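Below is one structure; the comments refer to it alone.
No value in this document is a laboratory result; all are computed from the given coordinates. In this text the structure is predicted, and so the values were computed from the model without any measurement. Positions of Cβ are generated from backbone atoms using ideal geometry, with glycine treated the same way; all protein chains shown enter the neighbour counts.
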Amino acid sequence: MVNNSNCSFEQARIKTKHPDNLDVGQYWALKVTTRYECIIPEKSFTNMNKRFPPTPFSENLIKITLSKELAPHYANHGKDTYVSYPNSWVRDVHFDFSNINENVKLFEPTYWPHYLIVEEKFAAELYQKCRMGMPRDYFWTMGFEDIYTNYNKMRNDAR
């Protein structure tokens, strides 16, 4: 299934233990390592302070110079710098998908960690595989508009 995504992964076997010593099978953790710089920071907005109008990602960029010990593991901009767009209170995000291979169905925006962009049909297939017939949500998808509001609505609906 993940091979159909046309992206690369890091993977690790997860050691699982059930409280009643039941066999839970083998599980794997996958980290998407395919990244594209595709967010348009001037057209993507966050609203961290509700008393003020939303501001573009370009004005809320997090940029940290890393130590020699951390740089090899976390630098994503040059040899020793970590850069990130805001990941909370996000309103709308705009993308330029023109430099992304059309066969790639799953990737992480370079400067927007914790979020994955997934092609809609692939997301539906992955959702069915993850559920394995069980009525639980293992992940959810949402659009690129009013992200903070939609995220909170989904969290509340899942209760």
Karplus-derived 3J(HN,Hα), 6.51/-1.76/1.60, for each residue of segment 145-151, Hz, glycine and proline x
10, 6, 4, 4, 5, 5, 4
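Counting each DSSP H run of 4 or more residues in the chain as -39500 (n - 2.57), what helix-only mean residue ellipticity at 222 nm follows after dividing by all residues, to the nearest 500 deg cm²/dmol? Don't skip to the end; give the middle numbers.
Values: 3 runs with 27 residues, N = 159.
When only DSSP H runs of four or more count, the value is -5000 deg cm²/dmol.
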Which entry in (i) 18.1, 53; (ii) 25.0, 96; (iii) 14.7, 42 is this structure's computed Rg and Dmax of the Cα atoms in Å?
(i)
Using a simple spin-label model with points 7 Å from Cα along the Cα→Cβ vector, what separation in nm is obtained for residue 157 and residue 61?
3.5
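Work the Kirkwood hydrodynamic radius out for segment 1-91: mean of 1/r over every pair of different alpha-carbon atoms, inverted, in Å.
Mean inverse Cα-Cα distance, inverted, gives 16.9 Å.
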Treating only the Cβ atoms of Lys and Arg (+1) and Asp and Glu (-1) as charged, compute the dipole magnitude of segment 10-159 about its Cα centre; round to the nearest 20 debye.
500
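Going through segment 27-112, which chymotrypsin sites (Phe, Trp or Tyr not before Pro) have at most 11 other Cβ atoms within 10 Å and a DSSP loop state? Working shown, then result.
Details: sites: 27, 28, 36, 45, 57, 74, 82, 89, 95, 97, 107, 111; in loops: 89, 97, 111.
Listed in order of number, the matching sites are 97.
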So which GluC sites (Glu not before Pro) in segment 1-50 are both in a DSSP loop and have at most 15 other Cβ atoms within 10 Å of their Cβ?
37, 42
C-alpha long axis of helix 120-131 to longest principal axis of the chain, angle in °
40
